[in-house]
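This report refers to the structure that appears directly beneath it.
The values are calculated or read from the model by the stated rules, or taken from the named source; none is laboratory data. Every value quoted in this text rests on a predicted model; they were computed, and no experiment measured them. Because the Cβ atoms are built from the backbone with ideal geometry, glycine has one as well, and the counts that use them run over all protein chains shown. Just so you know, the surface numbers come from the protein's heavy atoms only, side chains and all, with ligands and any DNA or RNA stripped out. Shrake-Rupley method; radii C 1.70, N 1.55, O 1.52, S 1.80 Å.
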Amino acid sequence: ASKEQGKSHYNFYDNRQDDAKEAQLSLKTNMNRALERGEFQLYYQPQVNLLNQKVMGMEALIRWHNKELGNVRPDIFIPLAERTGLIFKIDEWVLFEACRQLREWIDAGYQPVPIAVNVSGKQFRSQRIIETIDDALHKYRISSDLLVIEITEGALMHDEKSEQVLNELKRRGISIHLDDFGTGYSSLSYLKRYPIDTIKIDRSFIQEVNADERDAKITTAIIHLAQTLGLEVIAEGVEDAEQIRFLKQKNAVYAQGYYFEKPLPAPEMEHLYLVDE
Ligand code: C2E
Ligand code: MG
Ligand code: MG
Ligand code: MG
């Protein structure tokens, strides 16, 4: 009997693995066709100046809707795209689409607001990233101070390549945001070595900033660190007024989160937040 049990347990486990594999395969197959099928879309989330409530920038966040799979979160497909290599094409699409949208808004007579684009670490260490950015800015006649590159702390590396790319961006006047700050490693040496403009305090510290003393202290320390080094800070994932109060008390200037707005499709972003020139 124990042998039977063992066997059925094994079968059950095996089936689940097969299901997982199948799901992964379907995700991969569909993702490979998503670009040509036009299934990706950019949403935009405002980044707000707490001193005057003005929108200082917006972050472009990719969305994928597939007929078979429905909406797939970037947390799921971006890591997979990094493993399969499709991330190069996706990041390229995002850069061009963000610049295209900016041009559309400028032509429609809106005051341009800088767009922050997330770039994956893999993409970041290739020389192609600089060429892609140059091509996108040139194609849509976008001035380089309207483009911001967000790179996560965890994706950066201590190598010549990362340093080269960051310096090239800097030389063009493109701002660099260090994303998810505090969750990676070697953060302090990045701040010493690289021309970072802005630190984005990771959502995980902001979430409990009024309930957890340690999160409060870490958040305060990051804000002070940035101020001492002459860097800007954006608090990520701000959801309530208490968090805003905390940040203001610490003289943090910028915040982003559901408290202000969720990521929005371009027409809603335009309607709610863009101002005529
Ligand atoms: P991220 O760059 O740190 O983006 C912030 C994430 O937090 C977004 O999730 C955003 O929707 C979410 N968020 C914003 N405010 C709040 C809030 O108040 N509460 C909570 N709970 N969440 C909030 P999203 O859009 O699902 O993206 C997840 C991650 O996927 C991003 O983290 C980024 O690392 C990656 N990603 C998104 N779009 C792109 C892209 O175009 N290219 C690349 N390479 N990565 C992307
Ligand atoms: Mg980001
Ligand atoms: Mg982040
Ligand atoms: Mg993140």
Worksheet item: Taking +1 at the Cβ of each Lys and Arg and -1 at the Cβ of each Asp and Glu, which of L272, P79, A60 sits farthest along the dipole of the chain towards its positive end, judged by Cα position relative to the Cα centre?
Response: P79
Worksheet item: Any idea what the dipole of the chain comes to, in debye rounded to 20, about its Cα centre with Lys/Arg Cβ at +1 and Asp/Glu Cβ at -1?
Response: 500
Item to complete: Would you mind working out the magnitude of the charge dipole of the stretch 12-167 relative to its Cα centre, with +1 at each Lys and Arg C-beta and -1 at each Asp and Glu C-beta, to the nearest 20 Debye?
Response: 300
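With a 1.4 Å probe and every protein chain kept in, tell me what percent of the accessible surface of the stretch 143-277 is carbon plus sulfur. List each step's numbers first, then the result.
Details: 3180 of 6730 Å².
Result for the stretch 143-277: 47 percent of the exposed heavy-atom area is carbon or sulfur.
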Worksheet, complete the sentence: Checked against a 22 Å limit on the C-alpha separation, the offending pairs among K122/K200; K54/K248; K28/K161 are K28/K161
Response to the item:
Surrounding charge for G230, neighbours by C-beta under 15 angstrom, Lys/Arg +1, Asp/Glu -1, total 0
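Treating only the Cβ atoms of Lys and Arg (+1) and Asp and Glu (-1) as charged, compute the dipole magnitude of the stretch 139-277 about its Cα centre; round to the nearest 20 debye.
Values: 16 positive and 25 negative charges, 110 e Å.
Charge dipole, the stretch 139-277, about its Cα centre: 520 debye, nearest 20.
Divide, for the chain, the radius of gyration over alpha carbons by 2.2 N^0.38 Å, where N is the residue count. Let's see the in-between values first.
On the way: Rg = 20.9 Å, N = 277, 2.2 N^0.38 = 18.6 Å.
Normalised by 2.2 N^0.38 Å, the Cα Rg of the chain equals 1.12.
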Worksheet item: Under a GNM of the chain (C-alpha, springs under 10 Å), which listed residue has the highest mean-square fluctuation: I199, I234, I106?
Response: I106
Worksheet item: Expressed as an acute angle from 0 to 90° and rounded to the nearest 10, what is the orientation of the C-alpha long axis of helix 87-107 relative to the principal long axis of the chain?
Response: 40
Discussion item. Rounding to the nearest 10 and keeping the result within 0 to 90°, find how far the Cα-based axis of helix 2-34 lies from the longest principal axis of the chain.
Written reply: 40
Discussion item. Going by amide H atoms built from the backbone, whose H comes under 5 Å of the H on I234, apart from near neighbours?
Written reply: I199, K200, I201
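Can you bin the stretch 35-187 into rounded, prolate or oblate? Criterion: square roots of the alpha carbon gyration tensor eigenvalues sorted a ≥ b ≥ c, rounded for a/c under 1.5, prolate for a/b above b/c, oblate for the rest. Intermediate values should be presented prior to the final figure.
On the way: a/c = 1.30, a/b = 1.04, b/c = 1.25.
Note, shape of the stretch 35-187 comes out rounded.
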Discussion item. I'd like the orientation of helix 128-139 relative to the chain: the angle between its Cα long axis and the longest Cα principal axis, in ° from 0 to 90, rounded to 10.
Written reply: 60
Item to complete: In whole angstrom, note down how far apart the Cα centers of the stretch 98-142 and the stretch 210-277 are.
Response: 23
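Determine the relative contact order of the chain: mean sequence separation of Cα pairs under 8 Å and six or more apart, normalised by residue count, in whole percent. Present the calculation step by step, with values, prior to reporting the outcome.
Numbers: 410 pairs, mean separation 51.2, N = 277.
Once divided by the residue count of the chain, the mean separation gives 18 percent.
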Fill in: Solvent accessible area, Å² - F246, 1.4 Å probe, full protein context
20
Worksheet entry | Total formal charge among the other residues, if their Cβ is under 10 angstrom from that of Q127, Lys/Arg +1 and Asp/Glu -1 | +1
